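This report concerns only the one structure given below.
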Amino acid sequence: MKNRRVEWQIILRWVLVIVLLLFVLSVSEKVIELSCQHQDRLAMENRWEWIRQVILASGTNSQINAELANYAAKEHIKITRYQKDGTPVFTTDAAGDKTILGLKGTHPPIFQEKGDHSLYIGRLYSNQKSSGYLLIQGRRTKIVGLELLYILLFLGGLSIVYFRERLDRSYTEPIRFAAQMAESSLNGKYHLIASDNAKHEDVLHMNLNLNRLTEKMSEMDRSLSRQRRSMGTLIENIGNGLLLIDGNHRISYVNKAFKEIFNTEAAHWLMADYEWAIPYDGIKILVRKVFADKARVTEQMQLTVGINRLYFDVSAAPVLDYRSRVQSIVVVFHDITALKKLESMRRDFVANVSHELRTPITSIIGFTETLLDGAREDRQSEEQFLNIILLEGQRLKSLVSDLLDLSKIEREHFELDWQDVSLSELLDTVLLIFKEKAESKHITVKRLSGPAGNVVGDSFRIRQIMINLINNAIAYTPEHGSITITVEETKTTAGFTVSDTGIGIATDQIPRIFERFYRVDKARSRDSGGTGLGLAIVKHLVEAHHGRIHVTSQLGQGTTFTITFNRTLA
């Protein structure tokens, strides 16, 4: 479209040039014609004055005619005398017409041009009376080769315009191409190359510089693209969560690590106000502080993600423009949960284990000393004390066994015995173990019918998960309560649910129930013989199976644990 417009502009310009040249030539021709006519008139008037003087000065007609004949031959003109009635009395044009027509009523002198001749008619006087007329004929003044000159001028004008057009195009086309190259480069396309054989040195210099500039820009663009890709890869795989908040308080970027850490796609966060999108008050306060102080702020925070409590080193740094205004804020979340857990484990292990071991050991030592002090004489007391010592010994054995089991599960090279497992069959076997215990508390165990629940897993470890969950359900359900167990499956997963009508768990305590030695009701747990490690073992075993665990609970109404595994592949 643009090229066609340029072509029409060129055609219109040439039409205007041709019309202008023809107009100039036409005006020039008319001016030359008028100038020649004026010269002929002046010449005729001068001749008329000379002839009139000759006629007045000479005496006889023969003398006058002789003078006129000589003058006509000398000037290459024709002279004819007429009487008052228009009859010729003398002429130097033997072949011409001897009669002058239409002379009466005219008022000479009269100048006319007819064909190639110019005519001048004047009135003759004698004694101040008209005595006749005089006709002078001469050839019109013409410029020889004027038509050729016009043609040459026309062609010369066209040539000048043509060469000027060529000269302009020799500059405008490279400039237009340079503009096209610049526009293409701005759009990130560097395929255009300027000619290196231009006729004009300055155009050649411009083209060479353009090519060098384009090559440099292309190289810079490639380098920038590589850096952008490297930076994108680095940011996406840095291992730390990252948020970018612009100067308008909108979240403009969320990296992959953040989505994985907080288990969210965060699609609804992008371009949303951080005050609305971020669910953590601590982070909001930190970002507000950075906007206000325009300085880097670092804090350690504990955030709840799902059922887990995670610890982060949160660092927020402003990006300032040249006016020290906040353009954006980069918020980095460094997950230190593992370090915190390790510190907590190191700090709490001695305290927890010592506490858990001290109670049964104290009981064993105390009752043993009582027996040694003479209680053996009382057979009833002796039997009671020995049963307590046995029970506390079994608690010690369970605690040590759970600690060893948990340690084994947490090892880096812990392996499962993968096989096809039927959750329904496994549950039926486990329920037989707890039948007597449930009946002793008058607890109703409802095993709802359902699918087989075939999964891929380690049957021994899945059985261990079931035992821990059902044991907890019985322990924390008051007498005459109920426990409901179901098996469900979908196309890709299968799982089981253990739901009780027990004491329930407070919402803020749910994330902590999978911690080692954590008890919702410490007194009830110890009375039931629990070690405080059962749910920690359950969580690790479910994760080892690449499964999922979900907990819902209400205080005083009960708790529901849902465990989901991958199904057996067909």
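The values are calculated or read from the model by the stated rules, or taken from the named source; none is laboratory data. Note that the structure is a prediction, hence the values are computed from the model and not measured. Neighbour counts run over all protein chains shown; Cβ positions are idealised from the backbone, glycine included. All accessible areas refer to the heavy atoms of the entire protein, side chains included, with ligands and DNA or RNA removed. Shrake-Rupley method; radii C 1.70, N 1.55, O 1.52, S 1.80 Å.
For region 538-566, name all the residues that are in contact with a helix residue (DSSP H, G or I) (Cβ under 9 Å, 6 or more places away or on another chain), open to solvent by 40 Å² or more (accessible area, probe 1.4 Å) and without any contact (Cβ under 8 Å) to a residue 60 or more places away in the chain.
Arg548, Thr552, Gln554, Leu555
Which ones in region 479-505 are open to solvent by less than 20 Å² (accessible area, probe 1.4 Å), in contact with a Leu (Cβ under 9 Å, 6 or more places away or on another chain) and not aromatic (Phe, Trp, Tyr)?
Those that are open to solvent by less than 20 Å² (accessible area, probe 1.4 Å), in contact with a Leu (Cβ under 9 Å, 6 or more places away or on another chain) and not aromatic (Phe, Trp, Tyr): Ile485, Val487, Ala494, Gly495, Val498, Gly504, Ile505.
Right, Arg524: open to solvent by 60 Å² or more (accessible area, probe 1.4 Å) and modelled with pLDDT under 80 or not?
Details: open to solvent by 60 Å² or more (accessible area, probe 1.4 Å): yes; modelled with pLDDT under 80: yes.
The answer is yes for Arg524.
When you go through (1) farther than 18 Å from Leu399 by Cα; (2) open to solvent by less than 30 Å² (accessible area, probe 1.4 Å); (3) at pLDDT below 85 one by one for Gly532, which number turns out not to apply?
Here Gly532 clears every test but (1).
Just checking, does region 139-155 include any residue being more than 60 Å from the chain's Cα centre (by Cα), surrounded by 11 or more Cβ atoms within 10 Å (Cβ to Cβ) and in a strand (DSSP E or B)?
Yes, there is a match, as at least one residue in region 139-155 is more than 60 Å from the chain's Cα centre (by Cα), surrounded by 11 or more Cβ atoms within 10 Å (Cβ to Cβ) and in a strand (DSSP E or B).
Any idea which residue in region 404-459 is nearest to Ile474 (Cα to Cα), counting only those that are aromatic (Phe, Trp, Tyr) and open to solvent by less than 60 Å² (accessible area, probe 1.4 Å)?
First, pick out the residues of region 404-459 that are aromatic (Phe, Trp, Tyr): 414, 418, 434.
Narrowing the set further to residues that are open to solvent by less than 60 Å² (accessible area, probe 1.4 Å) leaves 414, 434.
Numbers: Phe414: 30, Phe434: 9 Å.
For region 404-459, the residue satisfying everything is Phe434.
I'd like to know if region 400-414 contains one or more residues that are free of Cβ contacts under 8 Å to residues at least 12 places away in the same chain, closer than 30 Å to Gly558 by Cβ and part of a helix (DSSP H, G or I). Explain how you work it out, then say what you get.
Filtering region 400-414 for residues free of Cβ contacts under 8 Å to residues at least 12 places away in the same chain gives 400-401, 404, 407-408, 411-413.
Still in the running and closer than 30 Å to Gly558 by Cβ: 401.
Then drop every residue that is not part of a helix (DSSP H, G or I), which leaves 401.
Yes: region 400-414 contains one or more residues that are free of Cβ contacts under 8 Å to residues at least 12 places away in the same chain, closer than 30 Å to Gly558 by Cβ and part of a helix (DSSP H, G or I).
Name the residue that is nearest to the chain's Cα centre (by Cα), counting only residues in region 358-401 that are at pLDDT below 70 and open to solvent by less than 70 Å² (accessible area, probe 1.4 Å).
Filtering region 358-401 for residues that are at pLDDT below 70 and open to solvent by less than 70 Å² (accessible area, probe 1.4 Å), the one nearest to the chain's Cα centre (by Cα) comes out as Thr359.
Pick out, from region 243-346, the strands (runs of 3 or more DSSP E) lying fully within it that include 3 or more residues that are open to solvent by 20 Å² or more (accessible area, probe 1.4 Å). Working first, answer last.
On the way: elements: 251-254, 297-305, 308-320, 326-335.
Answer list for region 243-346: 297-305, 308-320, 326-335.
From the list Arg4, Arg52, which one is open to solvent by 90 Å² or more (accessible area, probe 1.4 Å), at pLDDT below 80 and out of contact with any Phe, Trp or Tyr (no Cβ under 7 Å at 6 or more places or on another chain)?
On the way: Arg52 fails: open to solvent by 90 Å² or more (accessible area, probe 1.4 Å).
Only one candidate qualifies: Arg4.
Scan Gln509, Gln464 and give me the residue that is out of contact with any strand residue (DSSP E or B) (no Cβ under 6 Å at 6 or more places or on another chain), outside any loop (DSSP other than H, G, I, E, B) and open to solvent by 40 Å² or more (accessible area, probe 1.4 Å). Explain how you work it out, then say what you get.
Working: Gln464 fails: open to solvent by 40 Å² or more (accessible area, probe 1.4 Å).
Among Gln509, Gln464, only Gln509 is out of contact with any strand residue (DSSP E or B) (no Cβ under 6 Å at 6 or more places or on another chain), outside any loop (DSSP other than H, G, I, E, B) and open to solvent by 40 Å² or more (accessible area, probe 1.4 Å).
Report whether or not Gln180 is among the polar types (S, T, N, Q) and at pLDDT 80 or above. Working first, answer last.
Values: among the polar types (S, T, N, Q): yes; at pLDDT 80 or above: no.
Criteria not met by Gln180.
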